Amino acid sequence: MDALKITGRKTLSGVISVSGSKNATLPIVTAALLSDGTSILRNAPELADVQTLCRVIEHAGAMTSRYDDELRIDGSRVDRPEAPYDWVRRMRASFLVLGPLLARFGHARVSLPGGCAIGARPVDQHLKAFKKMGAAIELDAGYVVASAPQGLQGAEIDFDMPTVGGTENVMLAASLARGTTIIRNAAREPEIADLAKALRSMGAKITGDGMSEIVIEGSSSLAPFDHRVMADRIEAGTYAVAGALVGHDLTVQGFEIASQQALIDVLEALGAQYRLGDGCLTLSKIEHGHPVEVVTGPFPEFPTDMQAQLMALMTQIEGVSSITETIFENRFMHVAELSRLGAEIAINGPVASVFGPRRLSGTAVMATDLRASASLVLAALAAEGETIIRRIYHLDRGYTDLEKKLQAVGACVERVEG
């Protein structure tokens, strides 16, 4: 099993480019199941999660091929509307095949999902929505068995809470349903809007994406898409934090300002000096920082997927900063590993208090989930000496060529056999 070896305290300078968005790519890949043809997804990141989802849809009969950053998905031979446990357990986003398969075939059998162990992320909102659209839902030996022999019918869906996966699954299914579907309390993340853009290119009629109410008028058929996926805002945010930690005029290329305001506000409050350009952010190490209090929440609030990375930066800021996690109850598992590096962090329920600045020293640590992995990389970049980060298969799920990109801007990092 591979590990990363990082020698810290190196100044990062130059340009680091952001790859396509993982969280936008995954639902758009499943959208290809709605069409009897070959869809093209450009700027598709070459990640373990994308590869896993390709295996899931190939099991259903789709054919996939990759040419550099171009992913082609042929849905013409899809004839097996199911997704087995062996694949879905590896990544919960695989559950997004349920909506397209149910809408296209009138029935589907999909395993309940797995993924990072960061707390309960139930799919009950997905299932309640499909029931309102006319589907019969049964749970059988860890599988969701859904049936709508007469096809799905548009309905008014009121989510109990904003759910990104639930919003995406319903958007996908509603695009092939009869009549009009209205999603209220919909997720507003930029990845939702990117999915809507891809679906509209297929002929779907969708309005309101990016707002809390989305309206989808169902179509009888959809064409393949040719879509360029948005840049990954979490990868961009991770490199921005790296710049605030150890950068000198580090430019993050692919930093989409409209989707990053919450992060920019926090960096500014911490004392970061930065420049915004056309799709880029340039910043340097924070020299005289100020503590902040941050609360995670659904977009446009501060993203939970940036919480761990921000915590690594807070260890170098004078005073007591805090993060209140409102999305996932188990998302402080990286704290123990940051403490091994010398961080001082106190946990009280959903609140993490970070005492800084603390001098970090390299040691052996272990990643517990995708974003925790990124926080350990960032802390290692700021630490004295050598850090070994094990279980980096988590990193490979969400960051394309991370060590190569960091090497190119001056980091001393290499992948080694664990």
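Rule-based calculations on the coordinates, nothing more; no lab input. Computed from a predicted structure; not experimentally measured. Quick reminder, even Gly has a Cβ in these numbers, built from the backbone with ideal geometry, and neighbours come from all protein chains shown.
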Let me spell out the model: positive unit charges on the Cβ of Lys and Arg, negative unit charges on the Cβ of Asp and Glu, origin at the Cα centre of the chain. What dipole size does that give, in debye rounded to 20? 480 debye
For Lys132, list the lysines whose Cα falls under 24 Å from its own Cα; do not include residues on the same chain fewer than 8 positions away. Lys205
With x for Gly and Pro, the residue-by-residue ³J(HN,Hα) of region 174-191, computed from phi through the Karplus equation 6.51 cos²θ - 1.76 cosθ + 1.60 at θ = phi - 60° and given in whole Hz, is 5, 5, 10, 8, 7, x, 10, 10, 10, 9, 9, 6, 6, 5, 10, 4, x, 5
With a Förster radius of 45 Å, plug the Cβ-Cβ distance of Ala346 and Arg55 into 1/(1 + (r/R0)^6) and report the FRET value to the nearest 0.05. 0.60
For Val294, other-chain or 5+-apart residues with amide H closer than 5 Å (H placed, Pro excluded) are Ser322, Ile323, Thr324
To the nearest Å, what is the center-to-center distance of region 9-68 and region 147-201, using C-alpha atoms only? 21 Å
Taking the inverse of the average 1/r across all pairs of different Cα atoms in the chain, what Kirkwood radius in Å do you get? 21.8 Å
Listed by chain and number, the residues whose amide H is under 5 Å from that of Val144, excluding neighbours fewer than 5 places away on the same chain and using placed H, are Val110, Ser111, Leu112
Work out, step by step, the length gained on full extension between Arg80 and Glu213: first 0.36 nm times the residue separation, then minus their alpha carbon distance; give nm to one decimal. 44.6 nm
Collect residues whose amide H, placed 1.01 Å from N in the peptide plane, falls under 5 Å from the amide H of Val15; neighbours closer than 5 in sequence don't count. Thr251
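Going highest first, how would you order 138-145, 122-129 by mean Cβ packing within 10 Å?
Values: 138-145: 12.9, 122-129: 17.8.
Ranking the peptides 138-145, 122-129 by packing returns 122-129, 138-145.
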Within a Gaussian network of the chain (alpha carbon springs, distance under 10 Å), most fluctuating of Ser13, Ser220, Ser284: Ser220
For the chain, the charge dipole (Cβ of Lys, Arg +1; Cβ of Asp, Glu -1; about the Cα centre) points to a positive end, and the Cα of Tyr67, Ala372, Ala262 closest to that extreme belongs to Tyr67
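Evaluate E = 1/(1 + (r/R0)^6) for His248 and Ala269, where r is the Cβ-Cβ distance and R0 equals 30 Å; express this FRET efficiency to the nearest 0.05. Intermediate values should be presented prior to the final figure.
Working: r = 21 Å, r/R0 = 0.71.
According to the calculation, E is roughly 0.90.
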Taking Cα atoms only, helix 22-31 is inclined relative to the longest principal axis of the chain by an angle, in degrees rounded to 10, of 10 degrees
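Report, for region 22-228, the % of DSSP beta bridges that are antiparallel, rounded to 5. Don't skip to the end; give the middle numbers.
Numbers: 27 of 36 bridges.
If we restrict to bridges inside region 22-228, about 75 percent are antiparallel.
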Return, ordered by residue number, the residues of region 375-418 whose backbone nitrogen is under 12 Å from a label point located 7 Å along Cα→Cβ of Ala364. 388-391, 418
Rounded tilt (10° steps) of 233-246 against the dominant C-alpha axis of the chain: 0 degrees
Within region 18-41, whose backbone N sits under 14 Å from a point 7 Å along Cα→Cβ of Ser65? 38-41
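Would you mind classifying region 22-228 by shape? Square roots of the alpha carbon gyration tensor eigenvalues, ordered a ≥ b ≥ c; an a/c under 1.5 is rounded, otherwise it is prolate if a/b is larger than b/c and oblate if not.
Working: a/c = 1.25, a/b = 1.12, b/c = 1.12.
Because its axes are fairly even, with a/c under 1.5, region 22-228 counts as rounded.
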222 nm mean residue ellipticity, helices alone, for the chain (DSSP H n ≥ 4; -39,500 (n - 2.57); rounded to 500): -8500 deg cm²/dmol
Segments 166-176, 230-240 sorted - mean Cβ within 10 Å per residue, highest first: 166-176, 230-240
How high is the FRET efficiency from Val416 to Arg89, r the C-beta distance, R0 30 Å, rounded to 0.05? 0.60
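If the chain between Arg184 and Ser201 were fully stretched, how many nm would it gain, using 0.36 nm times the residue separation less the Cα-Cα distance? Walk me through the numbers on the way to the answer.
Numbers: separation 17, 0.36 × 17 = 6.12 nm, distance 2.32 nm.
Contour length minus Cα-Cα distance gives 3.8 nm.
Nearest 5 percent is fine: what portion of the DSSP beta bridges confined to region 117-250 is antiparallel? Write out the running numbers ahead of the final one.
Working: 13 of 17 bridges.
The answer is about 75 percent antiparallel.
Over the chain, what is the percentage of antiparallel beta bridges among all DSSP beta bridges, to the nearest 5? If you can, show how the numbers build up before the last one.
On the way: 58 of 80 bridges.
Of all bridge pairs located within the chain, approximately 70 percent are antiparallel.
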What is region 271-312 by shape, rounded, prolate or oblate, if you read a ≥ b ≥ c off the alpha carbon gyration tensor as root eigenvalues and call it rounded for a/c under 1.5, prolate for a/b larger than b/c, and oblate otherwise? oblate
